[in-house]
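The values are calculated or read from the model by the stated rules, or taken from the named source; none is laboratory data. Nothing here was measured: the structure is a model prediction, and the numbers come from that model. Note that we place each Cβ from the backbone using ideal geometry, even for glycine, and neighbour counts take in every protein chain shown. Note: accessible area is taken over every heavy atom of the protein model, side chains too, but ligands, DNA and RNA are not part of it. Shrake-Rupley method; radii C 1.70, N 1.55, O 1.52, S 1.80 Å.
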Amino acid sequence: MILANTFCIFFFLDESLRSLASPSSLQGSELHGWRPPVDCVRANELCAAESNCSSRYRTLRQCLAGRDRNTMLANKECQAALEVLQESPLYDCRCKRGMKKELQCLQIYWSIHLGLTEGEEFYEASPYEPITSRLSDIFRLASIFSGTGADPAMSVKSNHCLDAAKACNLNENCKRLRSAYISTCNREVSNFERCNRRKCHKALRQFFDRVPSEYTYRMLFCSCRDQACAERRRQTILPICSYEDKEKPNCLELRNMCRADHLCRSRLADFHANCRASYQTMTSCPSDNYQACLGSYAGMIGFDMTPNYVDSNPTSIVVSPWCSCRGSGNMEEECEKFLKDFTENPCLRNAIQAFGNGTDVNVSPKNPLFHATQPPRMEKTPSLPDDLNDSTSLGTSVITTCTSIQEQGLKLNKSKELSMCFTELTTNIIPGSNFVGSPDSVDGRPRPVITLTAVTFLLLTLAL
């Protein structure tokens, strides 16, 4: 009889807790802190359909026009508009590189985020969705890449950059867009102007945005063993038109020019987000993702900040935008720091070498060790798919433990197994969310789940 009563009580509370812990039960303010990802064009449409959001968005744009941050925040109306928009999809929206309405998307993003930081930030957050693919994905798509699967003797003699150009010519889309930018960038305008740089840059952007990276990367990052190969690699973007100029501008002035354009500003911010040297990772790259860095580097080609190889040295990889730090005055230290993010960047150098060698870092996710009675911790998970196993491994182990107890009919007590079994009932991992933990901690306020868990312990104790 006691066992029957215990089973009924446990079943009732099990269903109650599951219904409270499910994502569908999270309504209104309970979803604060998590929103499904949406691009800024769609977020703008959602905001426009809501009168409160659309009016606040117009107010904020007026607040940002011609005012610095302190002046804007001193205005109560501007503060109220910002607070409303921080709860809307607009504030967290992102864009995709090469998307159909990319410029419109970026304009919406920067209309909110410009002016909301303290002065001119050295590193800005990227407006683009994070890149989660790996170099190994590109290697699987490419039929041939540097040296792999080939005879070692032939690989040493082979000009991989020439092979990359031949491979491009075998693909109709790659061949057409490559021919287009070569023709545009080589077309002399007059005796005083060797080419139309603006049209050359546009043709280059179309090539790198529309041609799959298994072709473009092979041309940009091919490995070389002699100067002829390295010079072909340097000439990939036709630097005499797209890169070089009569004089080198100051790097900070070039950065200011780039940041005046939404597209260029976004590509530069994305480069810093994915290639900024990290000394806490194995590869010196953020999240150990070579692909994200190389994609961000290629994304800057065709803008004022276009980078390229500085020489034809096959043994030393040095890239830089066309600028120097002469005339920096008291900003020389900041200028050198900016320039070294290109010329002395271990993440970028390692990523280029890794692609040329046909290798990728093997990042094996490690499951965190939790004590059985320790409640789930609030942890922000990495954006890489390889690391998403960290967020699911906890849930799997807990469910397995509970199932084994119930299947075997073991007597429940205040043991480790009981604690883990209740963890299953109260733990909720929302797909797409950056947080792993119990729903009660999402917005920092206690939930009924905690109360019911305590009631469960009490009733089970009385029943037994």
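From the list GLU379, GLU336, which one is at pLDDT 95 or above and surrounded by fewer than 16 Cβ atoms within 10 Å (Cβ to Cβ)?
The unique qualifying residue is GLU336.
Conditions (1) within 18 Å of TYR128 (Cβ to Cβ); (2) among the acidic types (Asp, Glu); (3) touching a His at 6+ places or on another chain (Cβ under 9 Å), marked per residue:
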{"residue": "ARG265", "(1), (2), (3)": "yes, no, no"}
{"residue": "SER278", "(1), (2), (3)": "no, no, no"}
{"residue": "ASN289", "(1), (2), (3)": "yes, no, no"}
{"residue": "ALA292", "(1), (2), (3)": "yes, no, no"}
{"residue": "TYR297", "(1), (2), (3)": "yes, no, no"}
{"residue": "GLY302", "(1), (2), (3)": "yes, no, yes"}
{"residue": "ASP311", "(1), (2), (3)": "no, yes, no"}
{"residue": "CYS325", "(1), (2), (3)": "no, no, no"}
{"residue": "SER328", "(1), (2), (3)": "no, no, no"}
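In this structure, is MET331 open to solvent by 20 Å² or more (accessible area, probe 1.4 Å) and assigned by the TED database to the domain that holds SER278?
In short, yes.
Looking at LEU252, LEU263, which one is more than 25 Å from SER312 (Cα to Cα), touching a residue at least 24 places away in the same chain (Cβ under 8 Å) and touching a Cys at 6+ places or on another chain (Cβ under 6 Å)?
So the residue among LEU252, LEU263 that is more than 25 Å from SER312 (Cα to Cα), touching a residue at least 24 places away in the same chain (Cβ under 8 Å) and touching a Cys at 6+ places or on another chain (Cβ under 6 Å) is LEU252.
Note down all Cβ pairs under 7 Å where the first residue falls in region 218-246 and is over 23 Å from MET305 (Cβ atoms), the second is open to solvent by 50 Å² or more (accessible area, probe 1.4 Å) and polar (S, T, N, Q), and they're at least six residues apart or on different chains.
If the second residue must be open to solvent by 50 Å² or more (accessible area, probe 1.4 Å) and polar (S, T, N, Q), the pairs left are SER223/ASN357.
Take residues that are aliphatic (A, V, I, L, M) and under 29 Å from TYR109 (Cα atoms) and tell me which of the helices (runs of 4 or more DSSP H) falling wholly in region 178-266 contain 2 or more.
Here the list reads 197-210, 251-259.
I'm trying to understand the selection: among the residues of region 92-117, which are of a type in the set (Ser, Thr, Tyr) and surrounded by fewer than 18 Cβ atoms within 10 Å (Cβ to Cβ)?
THR117
Would you confirm whether or not region 286-294 contains a residue that is surrounded by fewer than 22 Cβ atoms within 10 Å (Cβ to Cβ), in a loop (DSSP other than H, G, I, E, B) and under 23 Å from the mean Cα position of the chain (by Cα)?
no
Of (1) touching a strand residue (DSSP E or B) at 6+ places or on another chain (Cβ under 6 Å); (2) surrounded by 17 or more Cβ atoms within 10 Å (Cβ to Cβ), HIS262 satisfies all except one. Which?
In the conditions (1) touching a strand residue (DSSP E or B) at 6+ places or on another chain (Cβ under 6 Å); (2) surrounded by 17 or more Cβ atoms within 10 Å (Cβ to Cβ), HIS262 misses (1) alone.
How about region 183-210: which of its residues are within 19 Å of ASN308 (Cα to Cα), open to solvent by less than 60 Å² (accessible area, probe 1.4 Å) and either over 32 Å from the mean Cα position of the chain (by Cα) or among the hydroxyl-bearing types (Ser, Thr, Tyr) (or both)?
Matches in region 183-210: THR184, CYS195, ASN196.
Check whether at least one residue in region 314-321 is closer than 24 Å to ASN196 by Cβ and surrounded by fewer than 21 Cβ atoms within 10 Å (Cβ to Cβ), and report yes or no.
yes
Output the residues belonging to region 262-279 that are under 22 Å from SER328 (Cα atoms) and charged (D, E, K, R).
ARG265
It is to be established whether one or more residues within region 58-68 are at pLDDT below 65 and either surrounded by 15 or more Cβ atoms within 10 Å (Cβ to Cβ) or not small (Gly, Ala, Ser) (or both).
So far as region 58-68 goes, yes, one or more of its residues are at pLDDT below 65 and either surrounded by 15 or more Cβ atoms within 10 Å (Cβ to Cβ) or not small (Gly, Ala, Ser) (or both).
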